[in-house]
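Beneath this line is the structure, given in structure tokens, with notes to follow.
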Amino acid sequence: MKTRLSPSLSHEAVTDFYCCLLEDTLALATSLSDVEVAIMCPDTDVNELAQLAGSEVSVVAQKGEGLAAGLTSVFAHFEKDHHRDDHPRRVIAFNSDSPHLPRSVLENAFETLAAHDVVIGPTHDGGYYLVGAKASHPTLFASDGMGTSSALERLLSRARTLELSVGLAAPFYDIDVVDDLTRLAEELRLVPARAPRTAAWLREWELVAAQSRTGTGPS
């Protein structure tokens, strides 16, 4: 859970919001054709996420703690689960708070992997929202710099060290701070069907925020 939203939202509100984001993100992922979807998470979250995810999605406990361990576990899981020898399996990992991603971004990322070893989706703040590869590279991810403005630079540096060819997806944004909420709310106001659960939550959030600014509330 991203704590930078917490100063403006209660813990319960942030939890509800991320449940909406997760459900809509899963709907986006499962809408892709011929794609196996899995959630990678700490062992303590497996049961709770399995209830949220439903039968279409597998929930897998990551090995180790933190984002770097989670990403490494994603690629190791799919490589271990891959029994076909005809071509490499293309695997893409992206955030559970990404229902606003156009499906074309994910489709194009898979296409990019056909010609590159790695695909990366950069964010505007120096991080990345998506990373894909055709094989597991345990040293590609490291905990240093994760979640900082140098995350993308460090990932590209490690890819160069491993002599991996890199293709870039379109730059996008993820949900870190309240300004990101405002941007997402504006987008989903125009196309709520893209992420209906999140759109409904944001409509309620904007109403409460407006009431707070004007000093009014339900009578």
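Assorted remarks:
- The chain - percent of accessible surface contributed by carbon and sulfur, probe 1.4 Å: 52
- Across LEU190, LEU155, LEU26, mean-square fluctuation computed from a Gaussian network of the chain (C-alpha pairs under 10 Å connected) peaks at LEU190.
- Among PRO88, PRO122, PRO42, residue whose mean-square fluctuation peaks in a GNM of the chain (springs only between Cα atoms under 10 Å): PRO88
- Student exercise, the chain dipole from Lys, Arg, Asp, Glu Cβ charges, in Debye to nearest 20: 280
- In this view, the solvent-accessible surface of ASP43, computed with a 1.4 Å probe and all protein chains in place, comes to about 120 Å².
- Each Cα pair under 8 Å and six or more residues apart adds its separation to the average, and for the chain the resulting relative contact order is 21 percent.
- ILE175 accessible area, assembled protein chains, probe 1.4 Å, Å²: 0
- Taking 0.36 nm per residue of separation and subtracting the Cα-Cα distance, full extension of the segment from VAL37 to ALA170 would add 45.7 nm.
- Extension gain, VAL46 to GLU153: 0.36 nm times the residue separation minus the Cα-Cα distance gives 35.4 nm.
- Shown for the chain are the DSSP H helices of 18 Å or more along their axis, judged by Cα atoms, with a mean Kyte-Doolittle hydropathy of at least -0.5: 11-30, 66-80, 178-190.
- The residues neighbouring VAL191, those whose beta-carbon lies less than 15 Å from its own, together hold a net charge of +3 under the Lys/Arg +1, Asp/Glu -1 convention.
- Relative contact order (%) - criterion: Cα under 8 Å, at least six apart; region: region 67-137: 39
The values are calculated or read from the model by the stated rules, or taken from the named source; none is laboratory data. As the structure is a prediction and not an experimental result, all values here were calculated from the model. All Cβ positions, glycine included, derive from the backbone under ideal geometry; neighbour counts span all protein chains shown. Quick note on the areas: whole protein, heavy atoms, side chains included, nothing else; ligands and nucleic acids left out. Shrake-Rupley method; radii C 1.70, N 1.55, O 1.52, S 1.80 Å.
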